[in-house]
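Notes for the one structure printed next.
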Amino acid sequence: MPGDFNGPGDFNKNDEPAFAQQVAAKAARKLRAQREGDQGVWSGLGMLGAIGWSVAAPTVGGALLGGWWDRRNPGGHSWTLVLLVAGLAIGCANAWRWMSHNGGRGGRT
């Protein structure tokens, strides 16, 4: 059947034009998306998720590290709160840097 490809030994010369058309269509679609900067809903949600994780991960990491430090060395200061705020500041700086570098274009530079 034309168009079926089961490996290197199964290549049919008659399939070359169809394959070339498929590659050309995909390349044209990719170039058009890059040129137009098409921002779909999924692209926006992906960017929102990336920014959220860049803030949440250091915040939670700081809280966990602070809780561990408080259990090992009880004292007058709450290291959980201090490192949680430090993690939040680092996460916000990461998100700010990411947004200023990408200009809100969803990862395209």
Residue count for region 49-79, restricted to those that are at pLDDT 95 or above and hydroxyl-bearing (Ser, Thr, Tyr): 1
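Could you please give the count of residues in region 23-69 that are more than 22 Å from SER100 (Cα to Cα) and surrounded by 12 or more Cβ atoms within 10 Å (Cβ to Cβ)? Give the steps one after another, and end with the answer.
Here is the first cut: in region 23-69, the ones more than 22 Å from SER100 (Cα to Cα) are 23-32, 60-69.
Those still in the list that are surrounded by 12 or more Cβ atoms within 10 Å (Cβ to Cβ) too: 60-69.
So the count comes out to 10.
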Can you confirm whether GLY46 is at pLDDT 75 or above and either in a helix (DSSP H, G or I) or under 25 Å from ASN94 (Cβ atoms) (or both)? yes
Checking TRP96 against (1) surrounded by 14 or more Cβ atoms within 10 Å (Cβ to Cβ); (2) modelled with pLDDT of 90 or more, the condition it does not meet: (1)
With respect to ALA86, determine if the residue is surrounded by 11 or more Cβ atoms within 10 Å (Cβ to Cβ), out of contact with any Phe, Trp or Tyr (no Cβ under 8 Å at 6 or more places or on another chain) and on the phi < 0 side of the Ramachandran plot. yes
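The values are calculated or read from the model by the stated rules, or taken from the named source; none is laboratory data. On a predicted model such as this, the values are computed, not experimentally measured, just so you know. Positions of Cβ are generated from backbone atoms using ideal geometry, with glycine treated the same way; all protein chains shown enter the neighbour counts.
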